[in-house]
Amino acid sequence: MRDRPDAFDEGLLLPALGAWGIEARTLDYAPVGFGDYHWVADGRWFITVADVRRRGFDGLRPAMDTAAALRAEAGLDFVVAPLRTTDGATLLRLDRHRWAMSVFPYLNGLAGEFGEEQPAGDRAAIIDLLAALHATPPPLSTPARPLELSGRAVLEQSLQDPRLPWLGGPYAEPAREVIADHAAVLRRRLAEFDRTAARTGEPVVTHGEPHPGNLLRSGSRWLLVDWDTVGLAAPERDLWLVARDADDLARYADATGRTPDPGALELYRLRWALDDVAEFVEWFRSPHGHTPDAEESWNALTTTLETLAS
């Protein structure tokens, strides 16, 4: 996030590192990613702070535990996993209700951007990583990721009467208007999702968001970061974000013996778009300002709606 979190005391962070046995002197805000907040301590540790009112502490902790197990126990060295505290925890509460913290090793590398096109050679390397991940027996902590729309209630509420004003901030009314303009498209795509949602196969361990923004190139190695959404699901949950042509799908099939389902790939693509719209709707119906993150969300909302309409 480019914006620093509201009502958060950054003075909590350096003392909290003691839970990991870390004594750090410097702390620098890192305006990267979208959703969580990040700092770098002493140039050695990457701190992530999550607002667990949105996802829930008990929902995020199994994901962090799973990432740690995939690296330490399954030996997947491309997994950038959270470090454990001296008590063995991967996630630490910073207060009673809102903020939780995880710590990662700080790694030098080059990250991509969501939506950028990757060359065939890079896609091949990433598909090989996913094939290895999908073939790994799931750790006991691995959460199930059923094929559902997490933001469906928000989205359907916004469609009930799109004429009622939204009062969250400067993007509220423009967002209401663009949702009203696309109401028929959204209802049609929701119905399409319902018709095809049963089209998934045997679940495997999936990352959930292996797009270029969550891939780090470090020398000749590819690393996967941001394991918040790791879980058991059909492999197409990952593949739709990486595979672009028949050669990509054939490479995955050769590595795993499992042929991806084109219909399931499209279904996960649709689910992602609808959930994105719901997340942006919730953002703009809530208090917000004219900030870089709000502007980025506005651009993403309008682009996603155009894609759904096409």
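The values are calculated or read from the model by the stated rules, or taken from the named source; none is laboratory data. Since this is a predicted model, take the numbers as computed values, not measurements. Here the Cβ is made from the backbone with ideal geometry for all residues, glycine too, and neighbour counts use every protein chain on show. What goes into the accessible areas is simple: the full protein's heavy atoms, side chains included, and nothing from ligands, DNA or RNA. Shrake-Rupley method; radii C 1.70, N 1.55, O 1.52, S 1.80 Å.
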### Query
In the range 144-165, which residues are in contact with an Asp or Glu (Cβ under 8 Å, 6 or more places away or on another chain) and outside any loop (DSSP other than H, G, I, E, B)?
Val154
## Note on the structure
Across the range 296-310, the tally of residues that are open to solvent by 30 Å² or more (accessible area, probe 1.4 Å) and either free of Cβ contacts under 8 Å to residues at least 60 places away in the same chain or outside any helix (DSSP H, G or I) (or both) stands at 6
#### Entry: Ala24 open to solvent by less than 40 Å² (accessible area, probe 1.4 Å) and under 19 Å from the mean Cα position of the chain (by Cα)
no
### Query
Going by the structure shown, is Pro212 within 30 Å of Leu223 (Cα to Cα), surrounded by 15 or more Cβ atoms within 10 Å (Cβ to Cβ) and at pLDDT 95 or above?
no
### Task
Report whether or not Thr86 is open to solvent by 60 Å² or more (accessible area, probe 1.4 Å), β-branched (Val, Ile, Thr) and at pLDDT 95 or above.
yes
### Summary
Here the residues within the range 113-128 that are exposed (fewer than 12 other Cβ atoms within 10 Å of the Cβ) and either among the charged types (D, E, K, R) or touching a His at 6+ places or on another chain (Cβ under 6 Å) (or both) are Glu113, Glu116, Glu117
### Query
Is one or more of the residues making up the range 215-235 part of a helix (DSSP H, G or I) and under 23 Å from the mean Cα position of the chain (by Cα)?
no
#### Entry: Residue check, Asp228 free of Cβ contacts under 8 Å to residues at least 40 places away in the same chain, buried (at least 18 other Cβ atoms within 10 Å of the Cβ) and not polar (S, T, N, Q)
no
### Residues (assigned to a helix (DSSP H, G or I), in contact with a helix residue (DSSP H, G or I) (Cβ under 6 Å, 6 or more places away or on another chain) and surrounded by fewer than 18 Cβ atoms within 10 Å (Cβ to Cβ)) located in the range 252-272
Ala255, Thr256
### Task
Hey, can you tell me all the residues within the range 284-295 that are open to solvent by 50 Å² or more (accessible area, probe 1.4 Å) and under 13 Å from Ile179 (Cα atoms)?
Arg285
### Summary
When the range 129-160 is checked residue by residue, the ones that are open to solvent by 30 Å² or more (accessible area, probe 1.4 Å), under 16 Å from Phe284 (Cα atoms) and without any contact (Cβ under 8 Å) to a residue 60 or more places away in the chain are Ala153, Glu156, Gln157
### Residues of the range 160-211 that turn out to be of a type in the set (Lys, Arg) and more than 26 Å from the chain's Cα centre (by Cα), as a count
1
### Query
Does the range 258-274 include one or more residues that are without any contact (Cβ under 8 Å) to a residue 60 or more places away in the chain and over 25 Å from Pro143 (Cβ atoms)?
yes
### Message
I'd like the residue in the range 95-112 that is open to solvent by 50 Å² or more (accessible area, probe 1.4 Å) and either closer than 30 Å to Thr259 by Cβ or hydrophobic (A, V, I, L, M, F, W, C) (or both) and, out of all such residues, is modelled with the highest pLDDT.
### Response
Leu107
#### Entry: Total residues in the range 179-201, condition open to solvent by 20 Å² or more (accessible area, probe 1.4 Å) and under 16 Å from Phe280 (Cβ atoms)
5
### Query
Val242: closer than 17 Å to Arg123 by Cβ, among the β-branched types (Val, Ile, Thr) and open to solvent by less than 20 Å² (accessible area, probe 1.4 Å), yes or no?
yes
